[in-house]
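Taking it in order: structure first as structure tokens, then the write-up.
The values are calculated or read from the model by the stated rules, or taken from the named source; none is laboratory data. Bear in mind that the values here come from a model prediction, so they are computed numbers and not experimental data. Reconstructed Cβ throughout: ideal geometry from the backbone, glycine too, with neighbour counts over all protein chains shown. With ligands, DNA and RNA removed, areas are computed over all heavy atoms of the protein, side chains included. Shrake-Rupley method; radii C 1.70, N 1.55, O 1.52, S 1.80 Å.
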Amino acid sequence: MTATLEERPAAPENAGGKPAIDKAEGWRRRGPLLPALIFTIIVTQIPFILTLYYSLQSWNLVRPGSQEFVWFSNYGDVFADSQFRTVALNTVIMTLGSVLIAVVLGLLLALLLNRQFAGRGIVRTLLITPFLITPVAAALLWKTVLLDPTLGLINFVLTPFGGSGTEWISQFPLASVMAALIWQWTPFMMLLLLAGLQSMPTDQLEAARVDGASAWSTFRELTLPHLRRFIELGVVLGTIYLVNIFDQVYMMTQGGPGVASANLPFYIYQRAFLGFDIGQSAAMGVVVVILTLIAANFALRLIFRSFSGEQEAA
Amino acid sequence: MAEVVFDQASRIYTPGAKPAVDRLDLTVADGDLVVLVGPSGSGKSTALRMLAGLEPIDAGSVRIDGRDVVDVPSKDRDIAMVFQNYALYPSKTVAENMAFPLKMRGMDKDERAQRVRQAAEMLGLTEYLDRKPKALSGGQRQRVAMGRAIVREPQVFLMDEPLSNLDAKMRVQTRAQIAEMQNRLEVSTVYVTHDQVEAMTMGDKVAVLANGQLQQYATPPELYDRPKNAFVAGFIGSPAMNLLDLPRSSSGVTLGGVEIPLPRDVSDAAGSRDKLTIGIRPEDWVLESTDADSSTVVKAVVDVVEELGSESYLYAHLADDTSTSVVVRGPGRVKVRFGDPIAVRPNPDALHVFDAETGERLP
Ligand SMILES: Nc1ncnc2c1ncn2[C@@H]1O[C@H](COP(=O)(O)OP(=O)(O)O)[C@@H](O)[C@H]1O
Ligand SMILES: [Mg+2]
């Protein structure tokens, strides 16, 4: 449908290129945005520059007057810190694992909701609710109501099968946090993918039916490529949110035992506000920003390229 | 190759409402191209989709090559369909699009490639095989859609307004190509259009639909010369036939004070009706001198002149009845202008007479 629309002769308003906007007009149009821009710079870029500055200092709040300029030794310490490496790996597992599992579950639910059945509206509303719950409340819910070894519902349900003794949060801390994250983010993915499914042109699906495609072939060869952009968007948005996640870690495990379930934001917080090592945590913050930028720019792009390549080859 | 039969086939979208297709009876002879034509909402697409297996058949049956397909899923009906917006698969190349139905039927790769190559050659798509549909023009996309149908070598082609997204010139060209290809492949084809010119030029036979009901099913000349009712008469032909409700007189009807005699069989069939709908095609008027006696010619005043070069159409209203308008074909380079008087006389041998109430042809 869109393809044929694009093909039609350009509508008159698009016909003769963009008229040049002169400078004054440009200012008049964009000027009002300036305060917002300045505010954004003040609250994001200035702290970042300060962080850069702190990261070159040896500065521990516990020892007043200890502040001195040490070049890059903080960075050396960061990379020598084996806990930092563990936490970095945790972050990758927590973020990508949660996002990918949420996308898969969201896709399954979206496929379900894309069908007609009685009570679909209610089911949809119920499925969305986890996303509407405050993260802290959700974390508490998981920690106490569901995963508590003696009072939790999960162990209660598992009792008949002999699985009642599990100390979920201390035995599987990372998985427990991820379960809460996935529970909360699946509805988001589901909504996004449902929108994608509903924007699928019906005539393509009908053409596939006439062409003899089975339900699975139709899904694999047509629906999935159509959903690609929606999946990409879901992965990018989910990653951006989850890489920074703090609430669930703080509420459920405090990053423990040890650093088994800590992610980078939580570890940096620990170093800065529990260890009072400003220089060290500033350096970590800078490393994390750089790593995140690299991840955003290369890793994600790589994932998508192989993903789309797979579709083409199919 | 197969005969397609609609046997009292109906489709009712909402229970209790008027059927979208109402007891359709239609037989498409093996190898024929049959056009379903009618105004928007007349049920053409629905009828085609019933044949395609995309809509259920609520009553009656549809048979392909003698087999009742009511409960046969689309993919097992051995049909191929060309959609109005082509429905190409955007993530696939032209070659992959065309090979898709073959792949879904488990044909091996080499044979697939071979068939796609042949079809692409026939349609002049060879150099575009590696492109995505997005990078093609409207006409090329249309041909890819055709190609995807051809490679299947199905028993029946179904086409739902396949030319409606092309510009006028492309449409005329492609129209001829489709008709030529269909002739060569000899595959029975059901073709849906709202354009009566397409219907008349392409169809071996044409089915005119209105309100879900079949109005007439005939060859194009028959449809033009002997429309079964006033609806078909007005729908087929451009400009449309003049349809005038005229009072009876002793030997026929009167138009603008002029006595128009009716043939014996017609006036017999008309019986005691005091009003008849008379159909006169624009070319069935004879232009007379304006000095002629007003008891033998109808006087009219020209509103609009459409000059087409080889001929012209005069849109006029009657001199003594401004509410009655007529369209008259004249020669090219006609001298009359807006506001000029003209005098016309209908050719008595070319009159179409319909019941004024039911619209049925008399006799
Ligand atoms: N999915 C549908 N649900 C309900 N009514 C429909 C649907 N599709 C078509 N109709 C109705 O059926 C009638 C015939 O439609 P259609 O076959 O599309 O007409 P055409 O193709 O001749 O323009 C129309 O009155 C239309 O409103
Ligand atoms: Mg239609």
For the stretch A:173-188, 3J(HN,Hα) per residue [Karplus equation, 6.51 cos²θ - 1.76 cosθ + 1.60, θ = phi - 60°, Hz, x = Gly/Pro]: x, 5, 4, 5, 4, 4, 4, 5, 5, 5, 4, 7, 9, 4, x, 4
Alpha-carbon Rg with Dmax, taken over the stretch B:4-229, Å: 17.4, 54
Sum of -39500 (n - 2.57) over DSSP H runs of 4+, divided by residues of chain B (222 nm, nearest 500): -7500 deg cm²/dmol
Chains A and B together, accessible area buried on both sides, 1.4 angstrom probe, square angstrom: 2300 Å²
Listed residues B:Tyr13, B:Tyr224, B:Tyr86, most fluctuating in chain B (Gaussian network, C-alpha, under 10 Å): B:Tyr13
Where GluC sites (Glu not before Pro) in DSSP loops with at most 12 other Cβ within 10 Å are excluded, longest remaining stretch of chain B: B:1-185
Whole-Hz ³J(HN,Hα) from phi, Karplus 6.51 cos²θ - 1.76 cosθ + 1.60, for the stretch A:223-230, glycine and proline x: 5, 4, x, 5, 7, 3, 5, 6
Computed magnitude of the charge dipole of the protein assembly as shown (debye, nearest 20; Cβ of K, R +1, Cβ of D, E -1): 2540 debye
For the stretch A:150-175 versus the stretch B:61-138, the gap between their alpha-carbon centres in whole angstrom: 54 Å
Relative frequency of Cα-Cα separations exceeding 38 Å in chain A, percent: 35 percent
Value of D in µm² per second that Stokes-Einstein yields for the protein assembly as shown, Kirkwood Rh from Cα pairs, at 4 °C (1.567 mPa s): 40 µm²/s
Label-point separation, A:Ile128 to B:Ser289 (7 Å along Cα→Cβ), nm: 8.2 nm
Integer Hz, Karplus 6.51/-1.76/1.60 couplings in order for the stretch B:59-71, x for Gly and Pro: 8, x, 8, 10, 10, 10, 6, x, 9, 5, 9, 3, 9
Filter on B:Lys109/B:Lys169; B:Lys134/B:Lys205; B:Lys75/B:Lys169; B:Lys44/B:Lys228; B:Lys44/B:Lys275; A:Lys23/B:Lys134 - keep pairs with C-alpha separation over 28 Å: B:Lys109/B:Lys169; B:Lys134/B:Lys205; B:Lys75/B:Lys169; B:Lys44/B:Lys275; A:Lys23/B:Lys134
Candidates B:Arg226, B:Arg337, B:Arg117: whichever shows maximal mean-square fluctuation once chain B is modelled as a Gaussian network with Cα springs under 10 Å: B:Arg337
